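To keep things clear, I will list the structure first and then write my remarks on it.
The values are calculated or read from the model by the stated rules, or taken from the named source; none is laboratory data. Bear in mind that the values here come from a model prediction, so they are computed numbers and not experimental data. Glycine also receives a Cβ, built like all others from the backbone with ideal geometry; neighbour counts cover every protein chain displayed. Areas reflect the complete protein model, heavy atoms only, side chains present, ligands, DNA and RNA absent. Shrake-Rupley method; radii C 1.70, N 1.55, O 1.52, S 1.80 Å.
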Amino acid sequence: MRASTDPRAATADRYREFADMEARGLSACYEAWAHGVADDPATVALIDRLPAPKRQPNLVFSAARFHGAPVSEYGEFGSWLAGHWAVVSATCLSHSTQTNEPGRCAVLLPALAALPGPLALIEVGASAGLCLYPDRYSYRYLAGDEVERMLHPAAGPSPVVLDCSLTGPVPGPAELPEVVWRAGVDLNPLDLFDQADVAWLDALIWPEHDDRRARLRAAVQLARAEPAPIVRGDLNDQVEALVARAPAGATVVVFHTAVLAYLDEAAARRFTATMHRLPVRWLSNEGRSVVPAVTERLRARPAASTDFVLALDAEPIAFTEPHGRALHWLDKRGSSPRR
C-alpha cells in the first residue's frame with residue numbers, strides 16, 4: 001500500500017497515535033479527543049493551518065483548556081474548538097509544551113542521591129524550574145501496594161509529596177542529597193510570579209490528573225520562597241557558562257526531561273558532545289529513541305513505547321513513566337555509569 005501524501009492524513013495519524021500510545025490508560029478525555037480529531041476532517045483542516053511543530057496534540061489540547069474548553073465528549077469539544085479557534089491557534093503559536101512536572105524528581109532522585117555531594121544542579125529546558133528542588137520535596141516510594149520507604153527534607157515533611165512505584169534493583173537513598181546551588185536555562189522561562197504563566201502550567205496537566213494539579217500548586221508556593229535563576233536562551237549557548245558559575249567543590253549535574261526531542265539533529269549532537277567534554281555528570285530522562293548513544297545501548301532491552309529512559313552519562317540505568325509515577329531500575333548489564 002502506498003503511503004498517503006495528504007498532509008491531513010499525517011495529522012490524523014499523529015492524533016490517532018497519540019490516542020492509542022500516549023493517552024490510553026492515562027486520560028480518557030484526551031484519548032477521546034484525539035480519536036475524534038483523527039476522524040474529523042474539518043478539525044484536522046483547522047490544525048493544519050498551524051506550522052507543523054505546533055500541531056502536536058498536547059499543545060492544541062492544552063491551549064484549548066487554557067481558554068476554557070470543557071472536559072466533554074468529542075462532539076461538544078469539536079464544536080467548541082471550531083468556535084474558539086482564533087484564540088486557541090494564537091496560544092499555540094505563542095506557547096509551547098513546557099510541562100513542568102515536579103513528580104519527575106521521584107525518578108531522578110535515586111541517581112542524584114548516589115552521586116558524591118554536595119550537588120550543583122543545572123536543568124536545561126527548565127520551564128519554571130520546578131524540577132530543580134529534589135531536596136525540598138517528600139517522597140513516597142511504593143513496592144506494589146506497600147510503602148517501601150518515605151523520604152523527607154532535612155527540615156521536615158514537605159507540602160509536596162511525590163509518589164512513585166518501584167521495580168528492579170533500585171538503589172535506596174537513605175536521605176535526600178545536599179543541593180548547594182541550582183539554576184536552569186530555557187528558551188522561554190515561565191515566571192512563577194506571573195498568574196498567566198502558572199495558569200498555562202495548569203492547562204498543560206491532563207484533565208483527570210487532579211493529584212498533579214494539587215502538586216503543582218504546592219510546588220509553585222515552595223519555589224516562590226526560594227526562586228532559582230533561570231537564564232533565557234538556547235541550551236547549547238548557555239549551558240557552559242552556567243557550569244562555570246557552579247560553586248567549587250560541588251558535583252555539577254546537568255539534567256533534563258523530555259527536552260532533547262525538540263532539538264534538531266545537529267543541535268542534539270552538539271549538546272551531547274558538550275556533555276562529554278565538560279566536567280559534569282549528565283542525567284537525561286528522555287524517550288527511548290531521543291539520545292542516540294542511549295538508544296544503541298538499549299537494543300536488547302524491551303520497553304513500553306511510552307517509557308522514558310533515565311541515563312547517567314549516556315549509560316541507561318532505568319525506565320521511567322513520563323510524569324514520574326513509576327521507576328524500573330535496570331540491572332548492572334545496562335546501568336554502570338561511565339565515570
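Annotations for the structure displayed:
- Residue within segment 11-19 that is farther than 30 Å from L235 by Cβ, of a type in the set (A, V, I, L, M, F, W, C), assigned to a helix (DSSP H, G or I) and in contact (Cβ under 8 Å) with a residue 12 or more places away in the chain present: yes
- Residue match in segment 179-199 (condition: charged (D, E, K, R) and under 17 Å from G324 (Cβ atoms)): no
- Check on P118, in contact with a Ser or Thr (Cβ under 9 Å, 6 or more places away or on another chain) and either farther than 27 Å from F193 by Cβ or open to solvent by less than 10 Å² (accessible area, probe 1.4 Å) (or both): yes
- So T91, is it in contact with a His (Cβ under 9 Å, 6 or more places away or on another chain), of a type outside the set (A, V, I, L, M, F, W, C), surrounded by 17 or more Cβ atoms within 10 Å (Cβ to Cβ) and in a loop (DSSP other than H, G, I, E, B): no
- Output for segment 156-170, where each listed residue is open to solvent by 30 Å² or more (accessible area, probe 1.4 Å), touching a strand residue (DSSP E or B) at 6+ places or on another chain (Cβ under 6 Å) and outside any strand (DSSP E or B): P157, G168, P169
- Consider segment 260-281 and keep the residues that are more than 17 Å from V179 (Cβ to Cβ) and touching an Asp or Glu at 6+ places or on another chain (Cβ under 7 Å). The one that is most open to solvent (accessible area, probe 1.4 Å) is A261.
- Checking each residue of segment 208-219 against the condition of being buried (at least 20 other Cβ atoms within 10 Å of the Cβ) and not in a helix (DSSP H, G or I) gives no match.
- Criterion violated by V37 - all others in (1) in a helix (DSSP H, G or I); (2) open to solvent by 60 Å² or more (accessible area, probe 1.4 Å); (3) among the β-branched types (V, I, T) satisfied: (2)
- Considering residues of segment 129-149 that are modelled with pLDDT under 95 and hydrophobic (A, V, I, L, M, F, W, C) only, the residue surrounded by the most Cβ atoms within 10 Å (Cβ to Cβ): L142
- If you filter segment 171-197 down to residues that are of a type in the set (A, V, I, L, M, F, W, C) and crowded, with 19+ Cβ neighbours inside 10 Å, you find that the one that is nearest to I122 (Cα to Cα) is A183.
- Test for P153: is it surrounded by 14 or more Cβ atoms within 10 Å (Cβ to Cβ) and either of a type in the set (D, E, K, R) or part of a loop (DSSP other than H, G, I, E, B) (or both): yes
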